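Student: Pasting a structure here, questions to come.
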Amino acid sequence: MKTNLKEINSYTRQLDVTITWNLIEKDYQVEFNRARSRYSMPGFRKGNVPVTIVKKNLGPSIDANFAENSINTYYRKALEELQIIPINKASIDNLNFKEGLDLSFTAHFEVHPEVNLPKFKKKFKIKVVRYLPEDVDVEQTLTNYQEQHAMIKTVETGAKSGNFIRGDFQIIDESGLPVSGSKLEDQYIRIGFGMFKETAEKVFLGAKVGDEIEVTIHGKDKPLNYQVKVNRVEEQILPELNNELAKTINAKFNT
């Protein structure tokens, strides 16, 4: 097998490959015999059509199939010999082959470009911003981690600030009638947080499963009145800050 590698630019390569007939003759004969065994025509049994007739009728298609099937094999071998690793699928052109002659083709592909950094004579100073966490940052990070590993407990005695409520939210008009197509089912909120603070929190305090509560939420454009049916009240149980919790971060970690 002969190969010729050309560098088109810093990342594009052209690889010309030629495989001599003596290297592929046996493989071609296998392909030819396979095609002949499947070929039939009037006056001959399947697989017994004379070789000369098969070559006349099927020769060009056998040559084309053999060439297409051989490209991938010899393209990989050429890359291995040249120790090249392409970063994309090659485009193949200039494919030439006929029984008794060499098989040749050209592959175009891309490789990682070589990057040569210049040798700087001057020294550069680089400013690095170092973030020094304060106590409040540490506490917030620990709280966030506790919440990630928290357990959820169902509350039956009435909702308290910080509890979670899962319910169906129905927008109602000024007269208290439901607005068609505006029901949000199985929504999850935390009272005392976000939009459910102060006045919007008070109406949920003490709420239990099955209660229906009216609340006004102040949005960007205008306040919206909701009728909320409480489906569940839940409490978040935070784990203690101890060695067991620390080991969920790193099994070898000790506080």
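The values are calculated or read from the model by the stated rules, or taken from the named source; none is laboratory data. From a predicted model like this one, the values you see are computed outputs, not experimental measurements. Because the Cβ atoms are built from the backbone with ideal geometry, glycine has one as well, and the counts that use them run over all protein chains shown.
Student: Any residue in the range 68-80 that is in the same structural domain as S104 (by TED's automatic domain parsing) and within 15 Å of N96 (Cβ to Cβ) sitting within a Cβ distance under 6 Å of a residue that is β-branched (V, I, T) and crowded, with 19+ Cβ neighbours inside 10 Å? List the pairs, counting only those 6 or more apart or interchain.
Tutor: Listed by first residue and then by second, the contacts come to Y74/V17; Y74/I19.
Student: Exactly one condition in (1) loosely packed, with under 11 Cβ neighbours inside 10 Å; (2) over 21 Å from E7 (Cβ atoms) is not met by I62; state its number.
Tutor: Going through the list (1) loosely packed, with under 11 Cβ neighbours inside 10 Å; (2) over 21 Å from E7 (Cβ atoms), I62 breaks only (1).
Student: Moving on to the next point. Does E134 satisfy the condition of being farther than 28 Å from T216 by Cα, loosely packed, with under 14 Cβ neighbours inside 10 Å and among the acidic types (D, E)? Talk me through it step by step, then tell me what you get.
Tutor: On the way: farther than 28 Å from T216 by Cα: yes; loosely packed, with under 14 Cβ neighbours inside 10 Å: yes; among the acidic types (D, E): yes.
Criteria met by E134.
Student: Sticking with this structure for a sec: Hey, could you check the range 67-96 for residues that are part of a helix (DSSP H, G or I) and farther than 24 Å from E114 by Cα and say which is farthest from the chain's Cα centre (by Cα)? Talk me through it step by step, then tell me what you get.
Tutor: Restricting attention to the range 67-96, the residues satisfying the condition of being part of a helix (DSSP H, G or I) are 67-82.
Restricting the remaining residues to those that are farther than 24 Å from E114 by Cα gives 67-74.
Details: A67: 36, E68: 32, N69: 32, S70: 33, I71: 31, N72: 28, T73: 30, Y74: 32 Å.
Among those residues, the one meeting the criterion is A67.
Student: Which residue is surrounded by the fewest Cβ atoms within 10 Å (Cβ to Cβ), if the candidates are limited to the range 42-59 and must be charged (D, E, K, R) and not in a helix (DSSP H, G or I)?
Tutor: Top of the filtered list is R45.
Student: Another question, then. Which pairs have Cβ atoms under 7 Å, sit 6 or more apart or on different chains, and link a residue in the range 25-52 that is over 16 Å from T73 (Cβ atoms) to one that is charged (D, E, K, R)?
Tutor: Matching pairs, first to second residue: S40/K46; G47/R36; V49/R36.
Student: Here's a follow-up. In the range 97-121, which residues are closer than 30 Å to R38 by Cα and part of a loop (DSSP other than H, G, I, E, B)?
Tutor: Across the range 97-121, the qualifying residues are F97, K98, E99, G100, L101, D102.
Student: Among what's in the range 1-41 and is of a type in the set (F, W, Y) and in a helix (DSSP H, G or I), pick the residue that is nearest to T52 (Cα to Cα). Talk me through it step by step, then tell me what you get.
Tutor: The initial filter retains those residues of the range 1-41 that are of a type in the set (F, W, Y), namely 11, 21, 28, 32, 39.
Now narrow it down to the ones that are in a helix (DSSP H, G or I): 21, 28, 32.
Numbers: W21: 20, Y28: 16, F32: 12 Å.
Selected residue: F32.
Student: Tell me which residues, restricted to the range 179-216, are surrounded by 11 or more Cβ atoms within 10 Å (Cβ to Cβ), more than 24 Å from E147 (Cβ to Cβ) and among the β-branched types (V, I, T).
Tutor: Correct list: V179, V203, I213, V215, T216.
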